[in-house]
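Here the structure is laid out as structure tokens; the discussion comes afterwards.
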Amino acid sequence: MRKTLTLLALLGATPALASGLDITVEGEANGVISIELFDDVAPQHVARIKQLAETGEYNGVAFHRVIDGFMAQTGDVQFGDTTDGYSATSAGRGKSSFDDLPAEFSDAPYKRGVVGMARSQSPNSANSQFFITFDEAPFLNGQYTVVGEVTSGLEVLDAIKRGHPRSGAVEGTPDVMSSVTVTE
């Protein structure tokens, strides 16, 4: 995104406003994580995230898989909604009512604060779940669609309740995305 904006500025063009998300987190962590979405890197995935945020489907969804030093995963709108039948044993298995998305892999590296789409073993199975990395994760590069990057609120990300050291499953009450709003 930044390279695109720089090139547009050099050409004298007015770039389109970048879109983003503000995620209000409640639980052990409390505050807002702001994310710049990479519309130009993963347009289909970003459109899906924005659609789910705009319709309120992410509101109340748990951070169900959190591995210290790796990432915090959320976005299971089917089984991760803490306001409507949340099940810790099912969270992470669900998706939205929309079809899965084809992979939009890029050369964007997984570094601290990068947002990626979660998926099964099939590269074309991302749907609604996403994760935010706590640290560099180069083994994910080119394997998982990058959709954005945290611009503020890393301290909130760092405070999210951790899960089991290996599986990441969060026991007890997980931290929650109480509201997710699209920003321009």
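Values in this text are rule-based calculations from the coordinates and carry no lab data. Note that the coordinates shown come from a computational prediction; the quantities given were computed from them, not determined experimentally. With ideal geometry, Cβ positions are generated from the backbone for all residues, glycine too; neighbour counts draw on all protein chains shown.
A compact table of results
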| read-out | value |
| --- | --- |
| Matching option when the condition is within 13 Å of HIS45 (Cα to Cα) and either more than 15 Å from the chain's Cα centre (by Cα) or assigned to a loop (DSSP other than H, G, I, E, B) (or both), among ARG119, ARG166, ARG162 | ARG119 |
| Residues (surrounded by 15 or more Cβ atoms within 10 Å (Cβ to Cβ), among the hydroxyl-bearing types (Ser, Thr, Tyr) and under 29 Å from ASP107 (Cα atoms)) located in the range 153-182 | THR181 |
| Count of residues meeting criterion [in a strand (DSSP E or B) and under 16 Å from GLU28 (Cβ atoms)] in the range 169-181 | 4 |
| Any chance ASP68 is touching a helix residue (DSSP H, G or I) at 6+ places or on another chain (Cβ under 9 Å) and more than 25 Å from PRO43 (Cβ to Cβ) | no |
